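See below for the structure under consideration.
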Amino acid sequence: MYVFLGRFAPLHLGHQKIIDKMISLYGINNCLILIGSSNVINERTPYSFLFRKKLIKTIYPKINILPLVDVNNDRLWLDIVKKLETKLKTEFIFLGGSERDLKQHWSKFKTKVLIDRETEGKGISATNVRNMLNKVNIKELENLLDPKILKLLHKKVKK
């Protein structure tokens, strides 16, 4: 099973490039998105798991999505992921946009850089997107987010 793990806070065009390529190479039935920090809401993860799942399902309605809790212990966290892999009776291959992003998974899982985050992914970062959302800089956000995602986030910011 090909897995893309992220907080998706929020889903942005860089994430979408990886997901699009993952689906085109391996087929949607062989792909899984794990939403990390599913049990956390804070400055870096300002949206609930259900809202982040809704964002992803807006663009990829048929993709399989599961939550992944945040724990402050890398070894415990890796054990949780390994148990999920066992429960699903599959082998996880983590995909991402840089070796640095995937480094945490090297010890127990296969990994593969699918696109270069800085070139193909245009260096888009969720931190930058959240900053633009806080400033309600719609013009800049149009270069970072799918219009459907921007609409959902803009509604949330207005509230």
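Values in this text are rule-based calculations from the coordinates and carry no lab data. Quick caveat: nothing in here was measured; it's all calculated off a predicted structure. Cβ coordinates were reconstructed from backbone atoms using ideal geometry, including for glycine residues, and neighbour counts include every protein chain displayed.
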| If you go through region 89-103, how many residues are closer than 20 Å to Phe8 by Cβ and touching a strand residue (DSSP E or B) at 6+ places or on another chain (Cβ under 9 Å)? | 10
| From the list Tyr26, Tyr47, Tyr2, which residue is surrounded by 17 or more Cβ atoms within 10 Å (Cβ to Cβ) and in contact with a strand residue (DSSP E or B) (Cβ under 8 Å, 6 or more places away or on another chain)? | Tyr2
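Take the residues in region 30-54 that are assigned to a helix (DSSP H, G or I) and touching a residue at least 24 places away in the same chain (Cβ under 8 Å), then tell me which one is nearest to Lys83 (Cα to Cα).
Among those that are assigned to a helix (DSSP H, G or I) and touching a residue at least 24 places away in the same chain (Cβ under 8 Å), it is Asn30.
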| How many residues does region 128-142 hold that are without any contact (Cβ under 8 Å) to a residue 12 or more places away in the chain and part of a loop (DSSP other than H, G, I, E, B)? | 3
| field | Members of region 68-91 that are of a type outside the set (Lys, Arg) and within 14 Å of Leu5 (Cα to Cα) | value | Leu68, Val69, Asp70, Trp77, Leu78, Ile80, Val81, Leu84, Glu85
